[in-house]
Structures are given as structure tokens and as C-alpha cells.
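Take a look at the structure below.
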Amino acid sequence: MEHKKLEKNETAIFAGGCFWGVEYYLKKKEGVVSVVSGYIGGSTENPTYEEVCSGKTGHAEAVKVVFNPDKTNYEELVKLFMEIHNPTQIDRQGPDVGTQYRSEIFYLNNKQKNIAEKCINTLKEAGYNIATKLTPASEFYNAEDYHQNYYFKKGSTPYCHSYVKRFED
């Protein structure tokens with residue numbers, strides 16, 4: 001009998017402006033199994049989109065990325081995340097302004113924290129004034145269904161996000 005190796009997927013959580021654009025680019029990355037839009041980093045349990053947009057819950061619009069570490073790795077995802085949004089902007093991305101649009105990496109363990117710090121420091125050494133925060137992950141709440149796969153369902157592309165190469169390798 002042939003034994004199949006069980007896939008052990010890993011998770012990453014990123015906030016970089018409107019979750020629609022972050023989801024759009026990360027979902028296209030080879031090795032990404034799923035991307036779910038949601039909210040993290042606030043004080044209200046199970047917040048709604050309207051509550052998060054009010055700025056009163058403290059949540060960020062974020063994505064939870066499940067990936068296959070045999071096909072991609074956390075460092076590649078952090079680098080891609082830092083290249084698909086503007087990590088120098090504070091509490092905004094393009095025309096979207098507010099704390100819910102902040103740039104933040106929510107790490108799930110020390111290994112992720114160390115990798116994210118290394119990537120942020122690489123960009124700082126290259127002259128970027130990085131605003132991206134690094135925070136231990138808290139409870140992640142899935143956004144409403146109409147936010148999931150937004151650009152794929154609409155058949156359009158992001159207006160706040162675009163790819164900009166920032167890393168040399």
C-alpha cells in the first residue's frame with residue numbers, strides 16, 4: 001500500500017489596506033491554498049463591516065492565507081505582501097483612509113515574527129520608511145460573504161493595490 005505524505009498547510013495573516021486587493025494578489029501566488037478576508041486586531045467580538053469601518057472597533061481589514069509550505073514559504077508571502085501594497089503609508093492605502101486600512105503583519109509564532117522583521121529591515125536598509133506594524137495574531141473574524149473573492153466575482157482588478165518590486169532577490 002502506498003502512503004501519501006499528508007500536507008501540512010500553514011497560515012499567515014496580513015493587513016494592507018482594503019482586503020479585496022490583498023486577497024486578489026495573494027490568491028494568485030502558487031502554493032496558496034486559500035485566502036479569506038476578515039478582521040483582526042480589535043476589541044469587538046465578531047465585528048461587522050460597518051462597525052470596522054466606523055474605526056471604533058480597532059480592527060484592521062486583513063486576509064488569512066493558508067499555504068502549502070512545499071510550494072511556497074512564509075518569507076515569499078511576506079515579500080509579496082510588501083510589494084502589493086504601499087508599506088510606507090500610515091492608516092491608509094490610496095484613497096482608503098482609516099485605522100482599518102493600516103499596514104500590519106499578524107504573526108502566529110516567533111519564526112514568522114523573525115522572518116517578517118528580517119523583510120521589514122531589508123526594506124528599511126534599502127531606504128524605505130516602513131510603517132508596517134508587527135503584531136502577535138489575535139482572533140481573526142471572517143468578513144461577510146460578499147467580501148470574499150470580491151474581484152474574482154466582479155471580474156475586475158484592484159484600484160488601491162498594484163505590484164511594485166521592492167526586494168532584490
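The values are calculated or read from the model by the stated rules, or taken from the named source; none is laboratory data. Given the structure is predicted, the values throughout are model-derived calculations rather than measurements. Quick reminder, even Gly has a Cβ in these numbers, built from the backbone with ideal geometry, and neighbours come from all protein chains shown.
Being under 26 Å from Glu45 (Cα atoms), hydrophobic (A, V, I, L, M, F, W, C) and part of a loop (DSSP other than H, G, I, E, B) is the filter here, so list the residues in the stretch 118-154 that pass it. The answer is Ala137, Phe140, Ala143. Applying a threshold of 9 Å to beta carbon distances and a minimum spacing of six or more residues, or different chains, the list of pairs starting in the stretch 124-142 at a residue that is more than 12 Å from Phe106 (Cβ to Cβ) and ending at one that is of a type in the set (Lys, Arg) and not in a strand (DSSP E or B) reads Ala126/Arg166; Tyr128/Arg166; Ile130/Lys124; Ala131/Arg102. Here the condition is being in contact with a strand residue (DSSP E or B) (Cβ under 7 Å, 6 or more places away or on another chain) and either part of a loop (DSSP other than H, G, I, E, B) or under 21 Å from Ser156 (Cβ atoms) (or both); of Val63, Val52, it holds for Val63 alone.
Each row is one residue, and each column tells you yes or no for (1) touching a Gly at 6+ places or on another chain (Cβ under 8 Å); (2) closer than 19 Å to His161 by Cβ.
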| position | (1), (2) |
| --- | --- |
| Ile13 | no, yes |
| Gly17 | yes, yes |
| Gly31 | no, no |
| Ile40 | no, yes |
| Ser43 | yes, no |
| Glu61 | yes, yes |
| Val78 | no, yes |
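Of the numbered criteria (1) at pLDDT below 95; (2) part of a loop (DSSP other than H, G, I, E, B), the one Gly21 fails is (2).
The residues listed here are Lys71, Lys29, Lys79; of these, the one that is part of a loop (DSSP other than H, G, I, E, B), modelled with pLDDT of 95 or more and crowded, with 16+ Cβ neighbours inside 10 Å is Lys29.
State whether one or more residues within the stretch 33-49 are part of a helix (DSSP H, G or I) and either surrounded by fewer than 16 Cβ atoms within 10 Å (Cβ to Cβ) or out of contact with any Ser or Thr (no Cβ under 6 Å at 6 or more places or on another chain) (or both). Yes, because at least one residue in the stretch 33-49 is part of a helix (DSSP H, G or I) and either surrounded by fewer than 16 Cβ atoms within 10 Å (Cβ to Cβ) or out of contact with any Ser or Thr (no Cβ under 6 Å at 6 or more places or on another chain) (or both). When each of Ser156, Ser103, Ser162, Ser138 is tested for being polar (S, T, N, Q), out of contact with any helix residue (DSSP H, G or I) (no Cβ under 6 Å at 6 or more places or on another chain) and crowded, with 19+ Cβ neighbours inside 10 Å, the lone residue that passes is Ser103.
So, in the stretch 102-117, how many residues would count as being part of a helix (DSSP H, G or I) and free of Cβ contacts under 8 Å to residues at least 60 places away in the same chain? Counting residues in the stretch 102-117 that are part of a helix (DSSP H, G or I) and free of Cβ contacts under 8 Å to residues at least 60 places away in the same chain gives 7.
Close contacts from the stretch 146-157, counting a first residue that is under 19 Å from Ala62 (Cα atoms) and a second that is crowded, with 17+ Cβ neighbours inside 10 Å and at pLDDT below 80, with Cβ to Cβ under 8 Å and a gap of 6+ residues or different chains, come to Thr157/Tyr151.
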